[in-house]
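Some notes on the structure that comes next.
Read the figures in this text as sums done on the coordinates, not as results from a lab. Bear in mind the structure is a predicted one, so any value in this text is a computation, not a measurement. Note that we place each Cβ from the backbone using ideal geometry, even for glycine, and neighbour counts take in every protein chain shown.
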Amino acid sequence: MPDRIVVFIHAQSVYKDAREAFFHPKDPYSLGQIDPVKFARLISTRKPPGLPEGPRVLAGVRVYAGLPSAAGDTQEGDRGGGYVARRGNPTPV
C-alpha cells in the first residue's frame, strides 16, 4: 500500500521566500505566487532523506493563509486566519 502524503503550506512564507529568491523588490506583487497543488505535487515526488523508495499518494494539500488584522500588526503576529483545503482525487507520485 502506498504512503499517503498531506502537504501543509504557509502561504505568506512561501510567497516571501519566492520573492526574495527569484524576483526584484520592484517587480509586480503578483510575481512570487504559487499554485499550491502543483507545489505539493513537486514536493511529494522528492524522496525525503533516510526514507526508503516506494509508491506515495498525495492525499491532500492544506494552505494556511493568515487573515490580516483590521488593527494592523499586533504582538501576536500572523496567528489569525485558518486553513483552506484544496482537495481532489489522490494523485499517485
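Summary of values
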{"item": "Tally of residues being small (Gly, Ala, Ser) and in contact with a strand residue (DSSP E or B) (Cβ under 7 Å, 6 or more places away or on another chain) across the range 9-48", "result": "3"}
{"item": "Tally of residues being surrounded by 10 or more Cβ atoms within 10 Å (Cβ to Cβ), more than 17 Å from the chain's Cα centre (by Cα) and not aromatic (Phe, Trp, Tyr) across the range 5-47", "result": "2"}
{"item": "Near pairs, Cβ below 8 angstrom, 6+ apart or cross-chain, from the range 12-40 (on the phi > 0 side of the Ramachandran plot) to any residue that is in a helix (DSSP H, G or I)", "result": "GLY32/TYR15; GLY32/LYS16; GLY32/ALA18; GLY32/ARG19; GLY32/PHE22"}
{"item": "Subset of the range 1-34 [assigned to a loop (DSSP other than H, G, I, E, B) and either touching a helix residue (DSSP H, G or I) at 6+ places or on another chain (Cβ under 9 Å) or closer than 13 Å to GLY60 by Cβ (or both)]", "result": "PRO25, ASP27, TYR29, LEU31, GLY32, GLN33, ILE34"}
{"item": "Every residue from the range 48-66 that is of a type in the set (D, E, K, R) and either touching a residue at least 12 places away in the same chain (Cβ under 8 Å) or surrounded by 12 or more Cβ atoms within 10 Å (Cβ to Cβ) (or both)", "result": "ARG56, ARG62"}
